[in-house]
Structure formats: structure tokens, C-alpha cells
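All remarks here apply to the structure that follows.
The values are calculated or read from the model by the stated rules, or taken from the named source; none is laboratory data. On a predicted model such as this, the values are computed, not experimentally measured, just so you know. Side chains included, ligands, DNA and RNA excluded: accessible areas come from the protein's heavy atoms. Shrake-Rupley method; radii C 1.70, N 1.55, O 1.52, S 1.80 Å.
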Amino acid sequence: MSALLLPNEILSMSAQAARRLVEAGDGDAALLYLALLEAGGEATGAGARLRWPQERLDQAWQRLAALELVAHGPSPAPAPEPKAVEKPPEYSRKDLADALEREPDFQGLYREVERIISRPLTDNDLKCLYTIYDYLALPTEVILLLTGYVARRLRRQKGSAGPRPRMPQIQKEAFRWKRLGVDTVERAEAYLRRQELVDRREWKILSTIGVTTPRAAVEKEREYIERWVGMGLSDELIALAYERTVYQKKEMNWPYMNKILTSWHEAGYDTADRVRAEDRPPQRRRSGEKRAGADRFQPSAERIRKNADWLDKFLKEQERGG
């Protein structure tokens, strides 16, 4: 039996908005737009309704802003996290042995993960893997995509002769994916496409901000670079923000530079030329330089003559003892 829809329970969306969302193919952006409609356009209500982490909300909001379905500006705040966080269970050897014997999916996952990391799993490794599989309840295909991603990232950072990935590293990344809502094959593939884009631009951005020796970004640098790539900022804009950061701070400062780029993005500046024309930095006055408009206060010739006459009269009176 279908539910009765009351008039105030029906949401309406323009055909233009629907076309843009369908053509974009971004599920998170579409869900956020629906949540905004349900909340009557109230961004805070939409963020609380979805209960997403801030990073996921930011990405969806930026996508809607790019589609011109919301205004450029800060994304909604997420719902507050519960104070009590449940800890994953402590799996015994019997639990793990039973899982390998009775769960064919986990048995196949176990063998495939060993192949990806090129070494046999220890008992502790097996606990990490089963935590991802059982406690986080990520699909096996997502876990394999995750494991391959961690292995590739480590090779890129350390080189082919570097250490193999460890299961605690993979488990840590799995918890991060869970917080971001990367819990389906479609979302995992979309997330990895975004990471590939960041990978392609990472060294270019690092070299733009003064790094001279080729290397991978550290974790905090990577977070900022991901944010800037997600905003669609060009290398030219990033270079200009770096110049202004060093001018003001006398050194590279990631948080300060991020504030500059975020403000430009929210203002809709998409080229360095627009920034130079519309967002000029305050100029420091050199020592001895005239203050703007100082020449407007020069005395007139008439006033100079009157002052000279007064001074002559004063001196004569002084000579007479007046």
C-alpha cells in the first residue's frame, strides 16, 4: 500500500536542476541537493540530515556550486558526532579460523590481499583485515580497491624498492574511507579518480610553492592539495597565492595560503588576472614616501603672504620691546 503524500510532503525541482544533476553523474551532489530541498534551502539542516563528515560535504557542495545550483561559499556543517565511539571487537584466533573456514568471501579476500601486498598475513594482519571486513562491513571489492590504492601510494612515496604496505596502514585508511562514505564500488571508483587527478598535479603544485627536490607530499600537504584540486584552482592561481603568502609571512605558510585560495574561490575568482584586477593586496608605504593626498594640504600663495606680513610685524614689535 502506497503512503499518502500530503501537500507539504512533496518536493519540487526544476527541470534545469534535474538535467544538470543527471549530466554531472555525482550521487553525493544529488543527495545534498535533495537534502537542501527537504530542509527548505537551509544548509545547516541539510548537513545535519545527511550526517556526512565535513570533507564529504565540502566536495558535494563544491560540485553543486560548480553546477551553479548553490552559491559559492562555505558548505554546511555536518551533524555533531556522538560522544561515545564504539571500539572494534577483539577477535580471537578461533573467530578468525571460523571466518576463514565458513565464509568463502573472506577466504577469497584473504588470498587476494596476500597477493597484492606480496607477503603472507600474520595473525595481527588477519585481525586488521577481518576488522575491515566484519566491523566496518566494507564490501570485498571495495577492500581490494582500498588495498591496491594504499600499495600504489606507498610505492609512489618510497619507490619500488620501498617497504610493502602493512595491514595497520590499510586498516587506518579503511576507517578514513568509512568516515568519508566511500563504502560502495561506485563511490570507491569515483574517489580513486579524484585521487589520480591529485596525483597528477601534486608535484606541479609542490614545485610551484618552492619545493625543489621531487618528492611526494606529506599527509598534511596532501590534504591542502586535495582541497585546492577539488576547488578546481589553476596552477597560476596557486602560484599567485604563494607569492602573496611569502610577501606577508616571509615564508611558506600552508594555513595562510589556504585562506587566500579559499577566499578567492568563494568570491568566484577563476583566473589570476581577475585577482590582480579585483583583489589587490594592501601596499606598504616606504619610509619617506608621501602619504596619499598630502599635497592637497599645501598653503596658498595668499596665506603665505599674510603669514610673512604677520612675521615682519611681530619682529618689529620685538625690536621695540613690544
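Figures for the structure shown
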{"item": "Aspartates and glutamates whose Cα lies under 18 Å from that of residue 313, excluding same-chain neighbours fewer than 8 positions away", "result": "302"}
{"item": "Unsatisfied cross-links (Cα-Cα over 24 Å) in the set 158/250; 127/172; 127/178; 220/249; 204/249; 172/204", "result": "158/250; 172/204"}
{"item": "175, 106, ranked by accessible area, largest first (probe 1.4 Å)", "result": "175, 106"}
